[in-house]
1. Could you order S202, S79 by accessible surface area, starting with the largest, using a probe radius of 1.4 Å?
2. Of all the accessible heavy-atom surface of the stretch 180-238, with the other protein chains kept in place and a 1.4 Å probe, what percent is carbon and sulfur?
3. Might you tell me the accessible area per residue for the stretch 180-245, computed with a 1.4 Å probe and given in Å²?
4. Just order 228-234, 153-159, 80-86 by mean Cβ neighbour count inside 10 Å, highest at the front, would you?
5. So how strong a dipole does the stretch 102-260 carry about its Cα centre when Lys and Arg Cβ are +1 and Asp and Glu Cβ are -1, to the nearest 20 debye?
6. If one computes the Cα centroid of the stretch 109-143 and of the stretch 187-218, what distance in Å separates the two points?
7. Taking all protein chains in place and a 1.4 Å probe, what share, in percent, of the accessible surface of the stretch 117-160 do carbon and sulfur account for?
8. Leaving out ligands and nucleic acids, note down the accessible area per residue over the stretch 41-124 with a 1.4 angstrom probe, in whole Å².
Amino acid sequence: MESGLSSAGPARSLGPGLGLGLHRFPHGCTPLSHQVAGHKYGKSELGMLQHPDGTVLKQLQPPPRGPRELNFYNMVFGSSCHEHVFLELRKFLPKFLGTWTPTTAPNELYLKLEDVTRKFNKPCIMDVKIGKKSYDPDASAEKIQQQISKYPLMEEIGFLVLGMRVYQFSSDSYMTYDQRYGRGLTKETLKDGLSRFFHDGSCLRKDAVASSIREVENILQWFENQSKLCFYASSLLFVYEGLPQLTAMGVGDESHKPPKGIKRTGEVVEYNNNVHVLSSSENGMMEASVGQSLSNMYALHRKGCSRAHQSVVPLQLKNAEQDHSICKCLTLVSPGQPNGNEIKQLEKDLVHTSSTLQEPPEVDVRMIDFAHVFPSNTKDEEYIYGLRHLISVLRNMLDD
């Protein structure tokens, strides 16, 4: 198993082994279990919190980082803000809903932020630090050397994968990659390493890649038109729907749930929000029992991924894909190969469903982490460099 690969807690609830009884949380709040990077809750290892109303709570960091981040949010989201460049920036950030202080700890202050993963059923999440430097102009020589040593390729590559959590449709499980995985990526392995975020266990989700490119290009356009701020150690949060749109919209029935996945002996993954390690005998038994059904259920799935559904998806659906309505990585849940009538009926159902249902966005990319944002009078060329290289790597994935 590669370095940096681990099991993750379920998307909406706390995973096993985290010892809730050892930690005290503000009343009604719980750890935000679907975070993927190094955000911490106080001095513990549990990261940010989820407020009962569904928002995210990020504890204010010590000065100067915490006040600087709070000032940034107040500047961009303040009611008195009328500057066009900041008003445009709002759509690329999680909504800022003010600050929050628990009644049990009046000296603690939290940023109250939108949970951008909330609208997704099976959110696939990736945190990517952007820029040629992960230290700000005020950093000491010791801090600079420390940051460079963590990832010497940062200046050349312009971004760093801090973590990702990917839903595997074929096994109904999540795979999580931490900072060690991202820092282990080289120039030669960068594209393949990043592509794991867009792989659902059966194929590369090129629809999600293409949509992500458009989202990042919009952020790049904002940076190319502004010269008021420079961002250091800031990230992009990528989220896309891991559950194929057909299943999310209710096409098919409950008897055709995805099989419980097959993994190599000793791999740790989530199965329906439970961690389970396969033994050698268990693994062999599962292969024998579901191997045939896998070949039947996913034959069209694999074919559609490789041929982009040229022979299956009608023109109306191809157009709909561009509007994030239909997942290009189409999965047809059927006990065997469909006949022509079944395909025609499915096409009709899809066209009708996509035209009558308003689906949530398939992909969302937001800027996060603003403890190192500084005023400027020039373009943020180092952040722009990172965005351009990231877009280039993503485009290369579409060429494969």
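1. Values: S202 35, S79 120 Å².
The ordering from most to least exposed comes out as S79, S202.
2. 43 percent
3. 33 Å²
4. Averaged packing, sorted descending, gives the order 228-234, 153-159, 80-86.
5. The dipole magnitude comes to about 200 debye.
6. 19 Å
7. Carbon with sulfur: 45 percent of the solvent-accessible area.
8. 51 Å²
The values are calculated or read from the model by the stated rules, or taken from the named source; none is laboratory data. Note that the coordinates shown come from a computational prediction; the quantities given were computed from them, not determined experimentally. Counting neighbours? That spans all protein chains shown, and the Cβs are built from the backbone with ideal geometry, glycine included. We work out accessible area using only protein heavy atoms, side chains counted, and drop any ligands, DNA or RNA first. Shrake-Rupley method; radii C 1.70, N 1.55, O 1.52, S 1.80 Å.
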